[in-house]
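Engineer: This is the structure I want to talk about, given as structure tokens.
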Amino acid sequence: MRRMTTKVATGRIVQIQGVVVDVEFPPGQLPDIYNALIVERPDGGRLVLEVQQ
């Protein structure tokens with residue numbers, strides 16, 4: 001059976017230009033390409049983004 005591990009790092013949105021969202025993470029905590037980023041919205045909703053290069 002294959003196991004998946006989840007690393008959680010908290011980032012900060014620094015800029016949004018159209019469909020591009022720039023997110024800053026602490027040193028050494030960058031997510032891998034194609035990973036999901038979950039944005040917690042002020043209204044309680046969630047927005048799921050995908051990491052691209």
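Read the figures in this text as sums done on the coordinates, not as results from a lab. The model shown is predicted, which means the values in this text are computed figures rather than measured ones. All Cβ positions, glycine included, derive from the backbone under ideal geometry; neighbour counts span all protein chains shown.
Engineer: Let me check I've understood the local charge: for Leu30, count other residues with C-beta under 11 angstrom from its C-beta, Lys and Arg +1, Asp and Glu -1. What total comes out?
Structural biologist: It works out to a net charge of -1.
Engineer: Right, another one. Among residues other than Leu47 whose Cβ falls under 10 Å from its Cβ, what is the net charge (Lys/Arg +1, Asp/Glu -1)?
Structural biologist: Taking every Cβ under 10 Å from that of Leu47, the sum is +1.
Engineer: So, one more: With springs only between Cα atoms under 10 Å apart, run a GNM on the chain and tell me which of Asp43, Asp32, Asp22 wobbles the most.
Structural biologist: For the chain, modelled as a Gaussian network with Cα springs under 10 Å, the answer is Asp43.
Engineer: Take the chain, connect every pair of alpha-carbon atoms lying under 10 Å apart with a spring to form a Gaussian network, then pick out the residue of Val14, Val39, Val23 with the largest mean-square fluctuation.
Structural biologist: Ranking Val14, Val39, Val23 by mean-square fluctuation puts Val14 first.
Engineer: Binning at 5 Å from 0, report for the chain what percent of all alpha-carbon pair distances ends up in each bin.
Structural biologist: Pairs per bin, as whole percents: 4, 15, 27, 28, 14, 7, 3, 1, 0.
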